[in-house]
Amino acid sequence: VIHPFAEHIAYYALFSIPGLTTILTGTGSIISFAGYITYVDSMNNMGHCNFELIPNWFRTNYSLFMPIYDYIYGTLDKNSNTLYENSVKRNEESPNVVHLTHLTTPESIYHLRLGFAYLASKPYSSVWYLWLLWPVTLWFMVLTKIYRRTFVVERNRFDQIRLQTWAIPTYRGQYCLKRQKESINNMIEEAVLEAEEKGASALSLGLMNQASFSASSHNQYGEVYVKKHPQLKVKLVDGSSLAVAVLLNSIPKGTTQVLLRGNLTKVAFAVTFALCQKGIQDEYEKLDKSFGTKSEDNFSKSYSSCKVWLVGDDFTEEEQRKATEGTLFIPFSQFPPKKLRKDCFYHTTPAMQTPMALENVDSCENWLPRRVMSVWRIAGILHALEGWEEHECGYTMCNIDKVWEACLKHGFQPLRVPIQSKS
């Protein structure tokens, strides 16, 4: 065998790993050593015996890393060129449904499929060793500031529906900056028009993309883009109807009081109205609606007896500490509250378990468990599957019962409420 001396050392080091492993683990034997050496030497000799054991019709494309040698010595399979040319000519796959989201924290880049597979397959959380990657994280932050276009995060397929998740290169904190509002609005609008151009039937708005930054509150939840482009064929979906349906089915049966805390949103108003209108009197003797307008005295009386809280953004730590032991917190917002109480129960943000027919689910959606999808994303899929032709944005909502039945029909399942699973 003729090799450079350094390569000899590397070869012996690599080939001795199996033998040393059996010695260190106490499982070595004469038979294992003899079998291993016989196999390695046989394969090595076969590769260097100057005799081709492979039939003639396989004598092409020898080079794995340096295909230029196949060009030089005439062993390139010409079909490879044809295959490459055909793959280049293939049209880009157009999505039927687009879910528009954005980055949350600087470390969220490592939860993308192009990041670490270990992190991408677990609910979003920050671990200590990510601090060691801050130079890389900072570089990505600079890159996202320069590259001001959406990018594809994930591609999925459900039955005949092609799904894509697009992310805006913007972090959660930037949505609160006035100087960023116009830029973010423009990127959302460009994404809507791009989805329209690619023939998507529905575009769902995730996280903080739902709130446009218009001075008029009537232009929230994507309505501003519908008004600006009245001929849009792609339907904008904010998922509020399905969020309300999931919240209604998350409240344990037999509950007589529900306390609402946090910022009022479209979902908060709708779920309160639904609790009052959908025959709740049979199951709820009393519905305590707290919209932040009650006095602190009344609030103190409510939290002392109420065991089910619907909580949204700006749900304060002080309020959370006032809850009695065993309280169930059910978020109605896109972002979950910080878990401060070990003696209370915390449900996920509105989400459902996906059916196994949903393909290529390789990463978690933010802080949700594996194969659990937010209702705002599911709503866009339902729009495409059912062929619904109306926008669900602004203050427009779909029929809650119709949306819930369609969701179950297509295999999405509600999540178990923590207090129920523990009992």
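Values computed for the structure shown
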item	result
Amide H contacts under 5 Å for LYS235, placed H, 5+ residues apart	ALA202, LEU203
Qualifying GluC sites (Glu not before Pro) for the range 69-164 [loop in DSSP, other Cβ within 10 Å: at most 16]	GLU92, GLU93
Computed lengthening from ILE72 to GLU386, 0.36 nm per intervening residue step minus Cα-Cα distance	107.4 nm
For CYS364, distant residues with modelled amide H under 5 Å away	SER121, LYS122
Exceeding the 30 Å Cα-Cα cut-off - candidates LYS227/LYS266; LYS338/LYS402; LYS122/LYS227; LYS266/LYS409	LYS338/LYS402; LYS122/LYS227
Rg over Rh [alpha-carbon atoms, Kirkwood Rh] for the chain	1.11
Candidate aspartates and glutamates for bridging to LYS235, where Cα separation is under 14 Å - those fewer than 8 sequence places away on the same chain excluded	GLU189, GLU194, GLU196, GLU197, GLU223, GLU386, GLU389, GLU390, GLU392
GNM flexibility winner over the chain from ARG377, ARG321, ARG157 (Cα, springs under 10 Å)	ARG321
Residue-wise HN-Hα coupling along the range 249-265, computed from phi with Karplus coefficients 6.51, -1.76, 1.60 (Hz; x: Gly, Pro)	8, 8, 6, x, 5, x, 5, 10, 9, 10, 9, 10, 9, x, 4, 6, 10
Karplus-derived HN-Hα couplings along the range 203-208 (A = 6.51, B = -1.76, C = 1.60, θ = phi - 60°), whole Hz, x at Gly and Pro	10, 9, 9, x, 6, 7
Rg ratio (alpha-carbon, reference 2.2 N^0.38 Å) - the range 93-192	1.16
Sparse-neighbourhood loop sites, GluC sites (Glu not before Pro) in the range 335-410 - DSSP loop, at most 12 other Cβ within 10 angstrom	GLU389, GLU390
Portion, in percent, of the accessible area of the range 337-394 that falls on carbon or sulfur, probe 1.4 Å	49 percent
Fraction of accessible area attributable to carbon and sulfur, the range 1-49 (%, probe 1.4 Å)	75 percent
Centroid-to-centroid separation of the range 122-175 and the range 365-414 [C-alpha atoms, Å]	23 Å
log10 of Debye I(q)/I(0), alpha-carbon scatterers only, for the range 1-49 at 0.13, 0.18, 0.19 Å⁻¹	-0.37, -0.66, -0.72
For CYS398, distant residues with modelled amide H under 5 Å away	SER241
Heavy-atom accessible area per residue - the range 1-49, 1.4 Å, Å²	84 Å²
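The values are calculated or read from the model by the stated rules, or taken from the named source; none is laboratory data. This is a predicted model, so every value here is computed, not measured. Glycine gets a Cβ as well: all are built from the backbone with ideal geometry, and neighbour counts include every protein chain shown. For the accessible areas, the whole protein counts, side chains as well, though only heavy atoms, and no ligand, DNA or RNA atoms are used. Shrake-Rupley method; radii C 1.70, N 1.55, O 1.52, S 1.80 Å.
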